[in-house]
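Before any comments, here is the structure.
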Amino acid sequence: MTSTVSRFTVALTAVAGLPAVAGGLNLGVELPRLEVAEYHRPYVAVWLERADGTVAANLSVWYEVKKRDAEGAKWLKDMRQWWRRTGRELSVPIDGVTQPTKPAGKHALSFSEGSNPLPKLEPGQYKLQIEAAREVGGRELLSIPFEWPAKQATSLSAQGKTELGEIKLELKP
């Protein structure tokens with residue numbers, strides 16, 4: 001009888017000791033094709049804010065990374081909300097965060113909690129913020145509120161009007 005109890009205790013300890021599977025975020029970003037005389041690819045910033053408005057994570061920043069003399073970084077301040085919240089405190093490029101600008105179309109990003117650039121998040125209310133600014137164009141900021149951790153797979157979205165198209169956020173428990 002003791003050997004059966006011992007095996008059961010070992011099995012229970014092994015199961016209970018397994019680490020929880022980290023959640024994650026999948027993000028779809030649509031950049032609309034604009035019919036304008038002078039088109040420039042937009043700079044885009046994606047970040048998470050806590051309920052109190054502080055920045056929890058910078059997830060992605062698209063800008064002209066390869067411009068001579070780092071001139072592309074000079075225009076990051078045109079993404080005004082991101083710049084005021086966190087951008088001016090950063091030194092770019094940032095490994096795993098900064099990327100070149102993207103053409104019009106749909107783009108997919110995926111983040112796993114606990115892996116750069118998505119840290120382990122405290123449970124609570126958050127907002128996914130995405131801001132786009134385009135030279136000789138406009139600016140747009142979209143926000144998608146969500147609760148973390150997700151209790152089940154959840155899909156949320158927001159629709160831009162000018163510089164951004166549909167933004168899809170999928171939360172993975």
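The values are calculated or read from the model by the stated rules, or taken from the named source; none is laboratory data. Quantities reported herein were computed from a predicted structural model and do not represent experimental measurements. No Cβ is skipped: glycine too gets one built from the backbone with ideal geometry, and neighbour counts run over all protein chains shown. Ligands, DNA and RNA are stripped out before the accessible areas are found, and what is left, the full protein with its side chains, is counted by its heavy atoms. Shrake-Rupley method; radii C 1.70, N 1.55, O 1.52, S 1.80 Å.
If you check Glu30 against the conditions, is it within 26 Å of Ser157 (Cβ to Cβ), at pLDDT 90 or above and not in a strand (DSSP E or B)? So Glu30 does not fit the description; no. Per the conditions (1) among the small types (Gly, Ala, Ser); (2) within 13 Å of the chain's Cα centre (by Cα); (3) surrounded by 12 or more Cβ atoms within 10 Å (Cβ to Cβ), the sole criterion not satisfied by Ala70 is (2). Considered as a group, the residues in the stretch 88-111 that are small (Gly, Ala, Ser) and modelled with pLDDT of 95 or more include one that is surrounded by the fewest Cβ atoms within 10 Å (Cβ to Cβ), and that residue is Ala108. Taking (1) under 14 Å from the mean Cα position of the chain (by Cα); (2) open to solvent by 60 Å² or more (accessible area, probe 1.4 Å); (3) more than 16 Å from Asn58 (Cβ to Cβ) in turn, Gln152 satisfies each apart from (1). Selection within the stretch 73-87: residues that are open to solvent by less than 60 Å² (accessible area, probe 1.4 Å) and of a type outside the set (S, T, N, Q). The member of this set that is modelled with the lowest pLDDT is Ala73.
Sub-9 Å Cβ pairs linking a first residue in the stretch 35-53 that is within 25 Å of Lys127 (Cα to Cα) and open to solvent by 50 Å² or more (accessible area, probe 1.4 Å) to a second residue that is among the charged types (D, E, K, R) and in a strand (DSSP E or B), at least 6 apart or interchain, are Arg50/Lys127; Ala51/Lys127, ordered by first then second residue. Being open to solvent by 20 Å² or more (accessible area, probe 1.4 Å), on the phi < 0 side of the Ramachandran plot and of a type in the set (A, V, I, L, M) holds for only one residue in Leu141, Leu128, Leu169, and it is Leu141. How many residues, within the stretch 110-164, are in contact with a Gly (Cβ under 8 Å, 6 or more places away or on another chain) and over 19 Å from Arg85 (Cβ atoms)? Number satisfying all stated conditions: 10. Considering only residues in the stretch 155-166 that are of a type in the set (A, V, I, L, M) and open to solvent by 10 Å² or more (accessible area, probe 1.4 Å), the one that is farthest from Met79 (Cα to Cα) turns out to be Leu156.
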